[in-house]
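Scroll down for the structure; my scribbles are underneath it.
The values are calculated or read from the model by the stated rules, or taken from the named source; none is laboratory data. Model, not experiment: these values are computed from the prediction. Please note: Cβ atoms are built from the backbone with ideal geometry, for glycine as well, and neighbour counts cover all protein chains shown.
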Amino acid sequence: MDEERWSQLEGYIDGLLLGADPALEAALESSAAAGLPPIQVSPGLGKLLHLLARGCGARRILEAGTLGGYSTIWLARALPRGGRLVTLEANAAHAEVARANLESAGLAGSVEVRLGRAAESMAALVDEGAGPFDLVFIDADKSGYPDYLEWSLRLTAPGSLIVADNVVRRVSTDGAGPADPDTAGIRRFLEMLGAERRLDATVVQTVGSKGHDGFALAVVVEPAPAG
Ligand code: SAH
Ligand code: DHB
Ligand code: MG
């Protein structure tokens with residue numbers, strides 16, 4: 001009953017604020033046709049990512065977890081001329097669908113889809129001196145979130161924004177216990193957000209067509225001097 005109402009309201013609001021978007025709709029269609037799971041961010045969260053990237057004038061964006069490139073398209077569209085986005089995906093079939101979707105959306109020139117496990121790709125990006133990224137979006141396997149946060153701190157600078165999807169659903173006390181690797185990963189991630197002096201963070205809970213969930217938003221700050 002609640003979920004039906006949340007979905008209806010989401011549809012109503014998206015109808016007023018988002019409008020038709022052929023490139024994003026085509027990306028969803030080709031992802032579904034290729035058999036990818038429909039677990040991309042909601043349109044409203046996609047637009048939030050876009051607005052955050054535009055609002056902070058992001059020139060370099062990093063994403064962990066590409067799927068078919070739906071959130072990637074939202075983010076890459078916020079880039080100014082000469083801006084770059086690197087998105088990390090472990091599944092070769094997903095990466096291939098994403099590359100085709102980004103090409104169709106006219107974004108292939110500004111986006112690199114890097115195939116491989118996100119932690120290894122982030123280590124490689126550090127070695128390459130690829131940072132600092134102005135915005136990092138973490139949305140790959142939930143058990144890896146603590147690692148991705150550590151690497152993100154090495155790939156950002158004060159003022160950078162770190163956004164992480166799905167930090168509420170698997171943590172709920174009536175859901176899977178802490179033995180579940182996803183739950184353990186998200187809990188550890190939230191503990192790190194609270195304890196890390198280089199981050200100032202909040203979590204926003206959401207409801208809608210994807211049920212009850214939430215995302216974390218953190219700003220990288222200069223840690224206050226000890227004492
Ligand atoms: N950001 C996408 C959704 C990502 S779904 C969107 O909103 O449109 C999560 C993705 O992370 C899946 O495509 C999955 O294959 C990928 N993934 C899972 N484990 C990974 C890992 N260790 N490294 C990189 N990608 C991973
Ligand atoms: C699911 C949703 C997500 O946003 C994600 O990143 C991974 C999985 C899901 O609904 O299972
Ligand atoms: Mg997600």
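Scanning the stretch 113-135 for residues that are assigned to a loop (DSSP other than H, G, I, E, B), modelled with pLDDT of 95 or more and within 21 Å of P146 (Cα to Cα) yields a total of 6.
The rows are residues; the columns are (1) surrounded by 17 or more Cβ atoms within 10 Å (Cβ to Cβ); (2) more than 25 Å from I61 (Cβ to Cβ); (3) hydroxyl-bearing (S, T, Y).
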| site | (1), (2), (3) |
| --- | --- |
| V167 | yes, no, no |
| F189 | yes, no, no |
| T206 | yes, no, yes |
| A224 | no, yes, no |
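Selection within the stretch 1-59: residues that are within 16 Å of ligand 3 (Cβ to nearest atom) and hydroxyl-bearing (S, T, Y). The member of this set that is surrounded by the most Cβ atoms within 10 Å (Cβ to Cβ) is S31. A108 meets each of the listed conditions (1) more than 9 Å from ligand 1 (Cβ to nearest atom); (2) in contact (Cβ under 8 Å) with a residue 12 or more places away in the chain apart from (2). Restricting the stretch 113-145 to residues that are acidic (D, E) and surrounded by 15 or more Cβ atoms within 10 Å (Cβ to Cβ) leaves a set whose member that is nearest to R77 (Cα to Cα) is D134. The single condition among (1) within 16 Å of the chain's Cα centre (by Cα); (2) of a type outside the set (F, W, Y); (3) on the phi < 0 side of the Ramachandran plot that R188 does not satisfy is (1). With respect to the conditions (1) out of contact with any His (no Cβ under 8 Å at 6 or more places or on another chain); (2) within 16 Å of ligand 2 (Cβ to nearest atom); (3) within 24 Å of D213 (Cα to Cα); (4) not basic (K, R), D14 falls short on a single one, namely (2). Filtered by the rule that a residue be surrounded by fewer than 17 Cβ atoms within 10 Å (Cβ to Cβ) and part of a strand (DSSP E or B), the stretch 95-112 gives a lone residue, E112.
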